[in-house]
Structures are given as structure tokens and as C-alpha cells.
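The values are calculated or read from the model by the stated rules, or taken from the named source; none is laboratory data. This is a predicted model, so every value here is computed, not measured. All Cβ positions, glycine included, derive from the backbone under ideal geometry; neighbour counts span all protein chains shown. Quick note on the areas: whole protein, heavy atoms, side chains included, nothing else; ligands and nucleic acids left out. Shrake-Rupley method; radii C 1.70, N 1.55, O 1.52, S 1.80 Å.
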Amino acid sequence: MLLERSLPGDFDPAVVAEIDTRLAAVERDERVCVPIAIESGSRAWGFPSPDSDYDCRFVFVRRRDDYASLWTPRDVIETPLDTIFDVNGWDLGKLIKLIVKGNAVAIEWLQSPIRYRFRTDVANRLLALARSVTDPAAVRRHYWSLAKTQWSRVFQDDGSASLKKLFYVLRPIAAMAWLDRHPGEPAAPMVFQLLIEAIDIPDDCRSEIAELLARKLVTNELGTSILPPAIGRYIEAGLVEEPSSETPGPISLEERGKLADRLFLDLVDELAPE
């Protein structure tokens, strides 16, 4: 199966080339296979700033023998972090464990519209697992926690609001509303504009979001704004009630574990390098 690639035309070719170089070096130096490498963060969410860095996230598979050892290598691989590049990845096993736990980020990686290298067949099988084992209430709690944490960080000392963090709050709140309208889906789409188009939201809030988004796209990462009132009301309403933490999963924990183990072993057999 060929690796799919889908990158925006405005991505810096030199940056993309460096990311490709880093991914190739990871495969060579760590002796792993990288079937999935995507863009996460604000670029994939649809609201990058002019100076946003590139957040490449990848999934890797080690050699079969590495999974049979008591001394299993780390389940994270990181490359040097700087103001342009944020390139790191998770072991396939770590990704699957997080999917089972209802970690929305792990599931979103499989749906990113920006793809450096992408095995669609592998992503589809992982998404099918997510639909079978992921508790929607756990995903909802994940989004709520993300929104709550970022809301506590929105305001600057002068009372202005961070544009970046406002969208970090709005997106998970919109994702919860999207999930309410799409039962059975394990996580919401990554692109913020698609979320907003697909949910019910007051007209004044929708207008304020459009204005704020236009400003965000031309404002550097540290840009601020006065909090628009309708957006403030929308956020407060979305955070007023914490989701329950005691809802049962779609199937038993034991059955979830069996399905996850089966897919993990199948994919290791197929993808592990020699």
C-alpha cells in the first residue's frame, strides 16, 4: 500500500523537506516503520497564526523482537524542538491504549487533513477500533477538560484575552456539540470551521467567531483581543456542567482489551521492520 500525502499549497517547501528528512532519520536510526505522519495543532485545526510552528505527529512501529523484550524501548520518539519544528511520535501500542481510554487527540490524528505520509488502510482499521471500543462519554470528558484548562489560561494580566487560547477553548466546546449530533463517532473532525458549520450556535456568536478567526489568521501567536461578549457566553454555557465520569463504555473492558490486542498484533506483523 502506497503512502498517501496531502499538504496545503502554502506550506513552506523547505520546512516540509526538513520534516521528511527527520521522519526518514527516525526510521533509520530507531529502526522503526512510520506508517502515519500528520500535522496536528493550529495548522490542522484551521486557525494558524503567521508565525505558527509545524506540529508533525507520527505513529511508529518497532521491530517484533522489541515488543517481546522486558526492556521495551520508549513509546515516544522526539526530534529537536525549536520555533519552527515540533516533530514527535507515539508507538503504535501507546496510540491504541489511548484510543481505548477515550483520548480524543489520538483519534484525531487518524483524521488529520494534512498528511506527510499516511497509510489509509492502517488509519481506517484504527478508526474502526475506536468506533468499537471508545466510550463517547470519555471523549466528551477529554474535550471538556481541554476547554476548561485553556479557559483558565485565556486572560492576560491586562485583562485582554489570548487569541490563540480562545480558539483552544472554542474548538473542544464545538467538538462536544458536534458529538451530540453525531452519535457513534469516536471523535470530532479536526478542522474548526467544519465543526462550526455543523452545529447550532447563536448567530451573534457565529459572527463574532468569524471576525475573530479572520484576525487570528493574520495575528502572531502572542496576539490578544477583548473577549467578544457572545463568545464569552457561549464558552461559559459549554463549561457550566462537567460531564459524568461514571458512564459505562460501549463494551466491557475485557472485550475492549481483546480487540485492541488483536489489532495491535496484526499491525505489528504487517508493519514491523526487519
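Brief remarks follow.
- For the chain, the longest principal axis of the alpha carbon atoms and the long axis of helix 229-239 meet at an angle near 50°.
- Modelled label positions at residue 197 and residue 21, each set 7 Å beyond Cα in the direction of Cβ, lie 3.7 nm from each other.
- Candidate aspartates and glutamates for bridging to residue 148, where Cα separation is under 16 Å - those fewer than 8 sequence places away on the same chain excluded: 236, 241, 242
- Accessible surface area normalised per residue over the chain is 49 Å², counting heavy atoms of protein chains with a 1.4 Å rolling probe.
- Stretch gain in nm, segment residue 70-residue 259, where the contour uses 0.36 nm per residue and the Cα spacing is subtracted: 65.7 nm
- Of 94/258; 97/258; 94/216, pairs whose Cα-Cα distance is over 22 Å: 94/216
- Computed on the stretch 66-187, the Cα convex hull volume stands at 163 Å³ per residue.
- Sequence-separation-based contact order of the stretch 1-155, relative, with Cα cut under 8 Å and 6+ spacing, percent: 29 percent
- Carbon/sulfur fraction of accessible area - the stretch 67-123, other protein chains in place, 1.4 Å, %: 58 percent
- Summing charges over neighbours of residue 153, with a neighbour being any other residue whose Cβ is under 13 Å away from its Cβ, gives +2 when K and R count +1 and D and E count -1.
- Two-decimal ratio, the stretch 16-126, of alpha-carbon radius of gyration to 2.2 N^0.38 Å: 1.06
- The three principal axes of the C-alpha atoms in the chain carry coordinate ranges of 57, 47, 32 Å, sorted with the longest axis first.
- Computed extension gain for residue 152 through residue 14, at 0.36 nm per residue and net of the alpha carbon distance, reaches 46.0 nm.
- C-alpha long axis of helix 253-271 to longest principal axis of the chain, angle in °: 60 degrees
- Radius 15 Å from Cβ of residue 119, net charge of other residues (Lys, Arg +1; Asp, Glu -1): -1
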